[in-house]
C-alpha cells in the first residue's frame, strides 16, 4: 500500500466514523436481531491471500456498526460506561497514527511530556496533594491493583520486610480492611498481588453502602484500608475523615477506589462529597467513565510515585531508568499513549467544562429519580452524583421491566443486586446525554413499568 492509498483509506475510515456518530440518535441503543444475525458474515475462513484494506473496512462498517451498542450516544445508561468526547476521539485517532510506545521517555518524549502535563492538571482538578503523580493503565482494576501493591509494600516495609524483593512467603500478615460493598475489582486486585480475596476484614455499611466508621476494627500490624468515592450502585462516598484518622493512628495505607466518584472533586457544587479524601495515599479512577475518553483508560494517582517502583520497575541492560517512566510505575511495559486522550478531553473541557460535565450528568440522574418516584417506582438511593438505583415489586418484576427497557431500543439500563434484592441501575455518564434524552428514556422506563409490572 503506497502513501496515497493509506491517505484514502484514512479518509474513508473518518467518513464512516462520522456517519456512525450522526446515526446514533435515530437508531435504537441496542442492536436489532437482524444486525446480530448478520455478524455471521465475520465467521469466514482465514484468508489465504492478502485482502483489500478498503474491502475489509467496508465489511467492518456495514456489518459491525449496526451490531454495536450505542454506548457513545446519549441514551445508554448501563455499567457506568462513558461516551467519547469529540476532542478525545479525534486525538485518539491521531495518536493511533503516531503509534507511540509510552513505556519510556526515550521511546516517546511526546507521550512522556503529555503524561506529565495531564498528571498536573488532574491533581489540580481533583484537589489532591502537590507532588501526587498520575499513571495510566488499562482500567480501574489495574489502577486499584497498583494502589494496593504500593500499599502492601509500604506497610510491610514498616516491619523491615522487602515485599518486592523477597515476596510474601514468610512475610508478616497484612490486614486489609474493606467495606461490605467494596467493588469486585478490589477482591480481584488483592488476589493478583497475593493478599487474597478471602483474607479481608469486612466492615458493615449503611443503607447507602458507606463504611460505618464506628465499626472499624481494632487491629494493628501492617494494615491497608480501602475506601470508596462513589459506590457503584448508589454513588455514595465513605466518611473519609473518620476512616483516615483511624488509619493514621495505625500507620496504615489508605486507598480510595474512585472509579466513578473521584470526579466529583472537580465540581465546586459536589466537592463536599469528597471531604477528607485528599488525605489518602492512593486514588484509582477511570478516564473512560466520567472523563469520556476512549477505552481503555484507568488512572492511578499516588502521593509518592517512588513507592510504585520496587514492584513495577523493569530491569535490563538495554532499558534506561527515567524517574517517572510509566514502564517502571505500572504493570505493563509496552503501552499506548493513553494520556493523549485525557489531555485532549481536559484541554477541550477546561476546568469549568469538567465541572459542568459532572454537574449535568448528576442533574440528569436526579431528574430520572424524580420522574420515576412520581410514577410510583421505588428509588433506593440518595441521588448524590450520577447513579440512580430503583426497585420494583419483586425480582421477577424487575427482570421483566429491565427486559422491556432493553428491548425498546429507546435506552439501555442494567440490573444489579442490592442488599439481597434485584434492582435496576441508571448510570448517567455520557457528555452527549441531553434533557431530551432523559425525558425520552424516562418515558420508556415508565412504559416498561406499566408493561412489565
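The values are calculated or read from the model by the stated rules, or taken from the named source; none is laboratory data. Quick caveat: nothing in here was measured; it's all calculated off a predicted structure. Every residue, glycine as well, gets a Cβ built from its backbone with ideal geometry; the counts of neighbours run over all protein chains shown.
Quick one: in region 133-145, of everything that is touching a helix residue (DSSP H, G or I) at 6+ places or on another chain (Cβ under 6 Å) and assigned to a helix (DSSP H, G or I), which residue is surrounded by the fewest Cβ atoms within 10 Å (Cβ to Cβ)? It comes out as 141.
Within region 421-439, the set of residues being crowded, with 16+ Cβ neighbours inside 10 Å and within 26 Å of residue 294 (Cβ to Cβ) comprises 425, 426, 427, 428, 429, 430, 431, 432, 433, 437, 438. None of 160, 130, 165 is surrounded by fewer than 20 Cβ atoms within 10 Å (Cβ to Cβ), in the same structural domain as residue 243 (by TED's automatic domain parsing) and on the phi > 0 side of the Ramachandran plot except 160. Can you tell me how many residues in region 311-325 are in contact with a helix residue (DSSP H, G or I) (Cβ under 7 Å, 6 or more places away or on another chain) and surrounded by 17 or more Cβ atoms within 10 Å (Cβ to Cβ)? Counting residues in region 311-325 that are in contact with a helix residue (DSSP H, G or I) (Cβ under 7 Å, 6 or more places away or on another chain) and surrounded by 17 or more Cβ atoms within 10 Å (Cβ to Cβ) gives 3. Under the condition of being surrounded by 15 or more Cβ atoms within 10 Å (Cβ to Cβ) and in a loop (DSSP other than H, G, I, E, B), the residues counted in region 175-193 number 4.
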